Amino acid sequence: MGASVQYLPIGLGTEHLVRPLVRSEWRCDRAVLLVPTHIGTDARMVEATRSLLAETVGIDVEITEIETQDLATVVATAYDELLTELAAGNEVFLNVATPYWSLGAGFATAAHYLIADSRHAEAELTPQNQPLEERLTFYYTEPDGYHVDELCAAAQQIREFRTSFDQMWD
């Protein structure tokens, strides 16, 4: 198996994106920060994320600017990027947590296209005769502050109230 490459879309926050890498929950040889062109590679959060991964965790970091205004362009760019990594025998992890829907959706769509194409393609997509979906993983990391636990607790309280209310009138 080749290198383990993580694609991380930079958006409004980055802590949740790097959490699995900082905690060593995922193997990672190289991280590719996907930066929308309107944010730019000089943005403070891009540099902070690059610094955290490179200097603190010791991961090689690349920065790729992506034009996010056109979904078709994102999908085409993502397809080429992911294909290059997979054809080299690398394992690719794709975090789709981004506020820029075209970035997450575009890369996820490209990944689906690659998996479908690999089922009909020559060996260059699967050099180890290993199904592509075993080397291409996409995942979502939830940002802090989404309050999913609180929402579930509130739903449980409503369910209990309705049950007690229904029992009261039976």
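Under 5 Å from the amide H of Thr137 lie the amide H atoms of Val92, Phe93, Leu94, each residue being 5 or more positions distant or on a separate chain, with H modelled from the backbone and absent for Pro and chain starts. Could you compute the net charge surrounding Val5? Neighbours are other residues with a C-beta less than 11 Å from the C-beta of Val5; K and R count +1, D and E count -1. After counting each charged neighbour, the total is -3. A cut-off of 5 Å between modelled amide H atoms, ignoring neighbours fewer than 5 places along the same chain, links Val61 with Ala31. With the simple model of a label 7 Å out from the Cα in the direction of the Cβ, Phe138 to Ala155 spans 2.3 nm.
Sorted by average packing, counted as other Cβ atoms within 10 angstrom per residue and highest first, what order do 79-90, 155-166, 51-62 take? Let's see the in-between values first.
Values: 79-90: 16.8, 155-166: 9.7, 51-62: 14.3.
Put in order of decreasing packing, that is 79-90, 51-62, 155-166.
Counting charges near Val61 (Lys, Arg +1; Asp, Glu -1) among other residues having Cβ under 12 Å from its Cβ returns a value of -3.
Bear in mind that the values in this text are calculations on the coordinates, not laboratory data. On a predicted model such as this, the values are computed, not experimentally measured, just so you know. Reconstructed Cβ throughout: ideal geometry from the backbone, glycine too, with neighbour counts over all protein chains shown.
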